[in-house]
Amino acid sequence: MTVAHTRTHPETLAPEALGPVTPEEAGLLKKLDLARLPRHIAVIMDGNGRWAQKRHLPRVAGHRAGTQSARTTIETCARLHVEALTLYAFSVENWRRPKAEIEFLMQLLRDYLRKEMPLIQKNNIRMRFLGRPEELPAAVQKDTREATAETARNTGMVLSIALNYGGRAEIVDAMNAILSERNGNAGAQAVTEELLARHLYTAELPDPDLLIRTSGEMRVSNFLLWQIAYAEILVTETLWPDFNRARLLEALLDFQKRERRYGGIDSERGAAAR
C-alpha cells in the first residue's frame with residue numbers, strides 16, 4: 001500500500017521525551033528497541049462497561065475513564081514516533097446500544113476533541129476519521145471535519161478514529177467506489193488487492209503491524225478486516241480504563257519478541273531445512 005510519508009524511529013529517546021515516568025515505565029523503556037517499533041498500531045478499546053460494573057458505577061463512568069487511557073496511548077505513541085495509531089471508538093453495530101448511552105458517547109467525543117486539540121497540535125498529530133460520517137449526528141460531523149482540517153498540515157503521527165466504522169462496510173464502500181468510477185465500463189481491468197486498498201478508508205496508511213485488544217475478548221469485532229491480514233495480535237486481560245503507559249510499553253516489547261514471516265520462513269530456518 002502507498003504511504004503518504006515515512007518517518008524513521010530515533011535510535012534513542014531523550015529522558016524527558018515522555019515526561020515523568022514511573023520506575024516500572026523506565027525499566028520497560030530501557031528494554032525497548034526504538035528502531036523496531038510498529039509503524040501502525042491499531043487498538044480495540046474494550047472493557048469500559050465491565051470496568052464500571054466492577055466498581056458499581058454506571059457504564060458511562062467507564063467510558064469517561066477510558067478517555068484518559070486514550071490520551072495516554074495517543075501521546076505516548078506520538079512521542080515514540082509511531083507513524084500511525086488507529087483507535088476503534090464506535091462501530092456500526094454500536095447503534096444497537098441504548099439511546100442514552102449513544103448520546104453520551106457522541107457528546108463525550110465532542111468534548112474530547114475540544115479539550116484535547118491543544119495536545120494534538122502540540123504533538124504535531126494529524127487526525128483522520130474512518131467510517132460512514134453521513135450517518136453521524138450533524139454536530140459530530142461538523143466537529144470531525146474541523147478536527148481534520150485543523151490538523152491537516154501537521155507532519156507527525158496520523159491518528160485515525162474509527163467512528164461509525166465496520167470492516168465489512170468499509171470493503172463494501174470500497175467496491176462501490178470502484179464501480180462508481182467505472183460507471184458501467186465493461187472493459188475495465190479486474191479488481192486487484194492494490195486497487196481495492198486504494199479505495200479503503202485507510203488509503204495511504206501502512207497496514208497495522210500490531211493489533212491490541214483490551215479486556216481479554218478473543219475476536220476482532222469487524223475491525224480493519226482487510227488491513228490486519230498480517231498484523232500481530234495481542235489480547236490483554238487489562239480493561240481499557242486500566243490500560244496505562246506501562247501496559248502499552250509491555251505490548252510493544254511483546255511485539256518485538258515475535259518473528260514476522262508473512263507466510264514465508266526466515267533464512268536461518270530455511271537453510272537448516274535444506
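What the table shows:
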{"read-out": "Residue match in region 187-209 (condition: surrounded by 20 or more Cβ atoms within 10 Å (Cβ to Cβ), of a type in the set (Phe, Trp, Tyr) and part of a loop (DSSP other than H, G, I, E, B))", "value": "yes"}
{"read-out": "Selection within region 22-63 - in a helix (DSSP H, G or I) and over 30 Å from Leu130 (Cα atoms)", "value": "Pro23, Glu24, Glu25, Ala26, Gly27, Leu28, Leu29, Lys30, Lys31, Lys54"}
{"read-out": "Filter result for Leu224 (within 13 Å of the chain's Cα centre (by Cα) and touching a residue at least 60 places away in the same chain (Cβ under 8 Å))", "value": "yes"}
{"read-out": "From the options Asn222, Asn176, residue that is surrounded by fewer than 20 Cβ atoms within 10 Å (Cβ to Cβ), farther than 21 Å from Thr72 by Cβ and in contact with a Gly (Cβ under 7 Å, 6 or more places away or on another chain)", "value": "Asn222"}
{"read-out": "Single condition Met45 does not satisfy, out of (1) in contact with a helix residue (DSSP H, G or I) (Cβ under 7 Å, 6 or more places away or on another chain); (2) more than 19 Å from Ser69 (Cα to Cα); (3) modelled with pLDDT of 95 or more", "value": "(2)"}
{"read-out": "Sole residue being part of a helix (DSSP H, G or I) and exposed (fewer than 14 other Cβ atoms within 10 Å of the Cβ), chosen from Glu101, Glu134, Glu116", "value": "Glu134"}
{"read-out": "Meets criteria (under 19 Å from Thr202 (Cα atoms), under 20 Å from the mean Cα position of the chain (by Cα), touching a residue at least 12 places away in the same chain (Cβ under 8 Å) and in a helix (DSSP H, G or I)) for Thr72", "value": "no"}
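The values are calculated or read from the model by the stated rules, or taken from the named source; none is laboratory data. Only a predicted model underlies this, so the values are computations on that prediction, with no experimental measurement involved. Cβ coordinates were reconstructed from backbone atoms using ideal geometry, including for glycine residues, and neighbour counts include every protein chain displayed.
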